[in-house]
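Bear in mind these aren't lab numbers, they're just calculated from the coordinates by the rules spelled out. Worth saying up front: this structure is predicted, and the values here are computed from it rather than measured. All Cβ positions, even for glycine, are placed from backbone atoms using ideal geometry, and neighbour counts span all protein chains on display.
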């Protein structure tokens, strides 16, 4: 293996080797502090290798044409590493691992394995490697949800596993049919082949792609493949759920965006029109029913579970744009991923901190939070406004770019999609603003407690960084948009004939 080849896989290798080292060392060195500093060092190394690789190695195929080194993949590598580092640091300082029966070594090691597999997935252009990476992620996620070994977490893990097994079977059938009809496992070659077929031969390709969409729709959390989400969100450890809500959705949509980009290639024939129409219907249903269920939820974890289904519908808008021939849909998906991730982390983390004092995840327990701790109240409000899509926060830019990218007067259903998206954004404001109203309600029967006001400085640092990112990228998103746009144009020039 050459030095450049080593650099290409160094972020992935760092996480996998680190995962194994932490898993074995935690069997003999039962010190949380040692595991924590080791995990932080591993994530920092992974970020450094991703940045070095981004600046040294050119875009191209590697490892027998199965691994595409490219700026989008490196961008996602950095994103995944930062997300994992954020969750590990927060869990170490803030999450009561002992009372939640969550072993820090196991949690750290499996988190790294998930992120390492996610990095492989977003670089993969071979169906076999894609399947292996997806299933490695899935198995690790089942274990993460079940880690506390309590009745409720075991139940959530089993439901997650059963739903995942069905989704895997359907996805694998799609892969097999796609391989059988094209005689290739390389998605670039498959895309080039599909774009030269006549409309009379699209049935087998449409069937195989729809099966793959159903399988990956489970990872995305789209209706009707959402059955696992409420149970996992409610029954799983909250810090694990925060991690999965961002990484699982981010991995699935990033992979499928790149997959669609290469499959669609240059044409937008009837195959892709049928495909986009089907996803448009799923997106509209997911947004609508997800928001309706969230509006009826009085528990924070349930509200976030159902709202994540609605956000999956928004993510799907970017996929539809790609399928209809607008490759900038990748830009909109990654931009919205950043907006969703920062805000979602903030809401989950503040909910965990609040639960440590109130002992409940009921939304009503946030009543008068502003009068108990102004910092937490303001930061939580910023996150909720961003999730709603209110300017000048990043959530607004993310949604606006999605709506702008997908609209195409040549396809009438894009107008319907944008209409329902805007209506659902307004409807989502109902339950997000209701939560904000509760935060700023003055409860005369409650007094501010001293221990709530004196939160550790760690919270100020982490929450301020996340909220500043939401505000700054909401006002000035151009660097991110330009970077991803240039990366998409480079891929298009190199691989789209």
- Would you please classify the overall shape of the range 116-268 from the alpha carbon gyration tensor, given that a ≥ b ≥ c denote the square roots of the eigenvalues, rounded means a/c under 1.5, and beyond that prolate means a/b larger than b/c while oblate covers the rest? prolate
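Rounded to the nearest 500, what is the chain's calculated 222 nm mean residue ellipticity when only DSSP H runs of at least 4 contribute -39500 (n - 2.57) each, over all residues?
Numbers: 20 runs with 390 residues, N = 497.
About -27000 deg cm²/dmol.
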- Message: In whole Å, what are the extents of the range 77-165 along the principal axes defined by its C-alpha atoms, from largest to smallest?
- Response: 43, 31, 15
- Taking the Cβ-Cβ separation of residue 41 and residue 472 as r and a Förster radius of 35 Å, what is the calculated FRET efficiency to the nearest 0.05? 0.80
- Run the quick spin-label model on residue 441 and residue 206: label points 7 Å from Cα toward the beta carbon, then report their separation in nm to one decimal. 5.1 nm
- Rounded to 0.05, the calculated FRET efficiency for the beta carbons of residue 375 and residue 422 at R₀ = 45 Å is 0.85
- Item | Two-site label geometry, residue 51 and residue 415: point separation in nm, points 7 Å out along Cα→Cβ | 4.9 nm
- Query: What FRET efficiency comes out for the pair residue 490/residue 135, r = Cβ-Cβ distance, R0 = 35 Å, nearest 0.05?
  - Reply: 0.70
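Quick one: compute the contact order of the chain, relative version, from alpha carbon pairs under 8 angstrom and 6+ residues apart, as a percent. Let's see the in-between values first.
On the way: 733 pairs, mean separation 64.8, N = 497.
RCO, the chain: 13 percent.
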- In nm, to one decimal, how far is the residue 281 label point from the residue 4 one, both placed 7 Å along Cα→Cβ? 4.8 nm
- Task: Any chance you could get the radius of gyration and Dmax over the Cα atoms of the range 1-124, in Å?
- Result: 15.2, 48
- Looking only at Cα atoms, what is the convex hull volume of the range 176-255 per residue, in Å³? 103 Å³
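Got the relative contact order for the range 1-124 handy, in percent, Cα pairs under 8 Å and 6 or more residues apart?
Numbers: 135 pairs, mean separation 47.5, N = 124.
38 percent.
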- In nanometres, the difference between 0.36 nm per residue of separation and the alpha-carbon distance of residue 28 and residue 184 is 51.5 nm
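Let me make sure I get this right: for the range 235-352, a, b and c are the square roots of the gyration tensor eigenvalues over alpha carbons, sorted descending. Under 1.5 in a/c it's rounded, otherwise prolate if a/b > b/c, else oblate. Which is it?
prolate
Taking only the C-alpha atoms, wrap a convex hull around the range 1-56 and report its volume per residue in Å³ as a whole number.
Values: hull volume 3.4 nm³, N = 56.
That works out to 61 Å³ per residue.
How high is the relative contact order of the range 200-318? Use alpha-carbon pairs under 8 Å, at least six apart in sequence, and give a whole percent. Don't skip to the answer; put the middle values down first.
Working: 101 pairs, mean separation 42.2, N = 119.
Answer for the range 200-318 is 35 percent.
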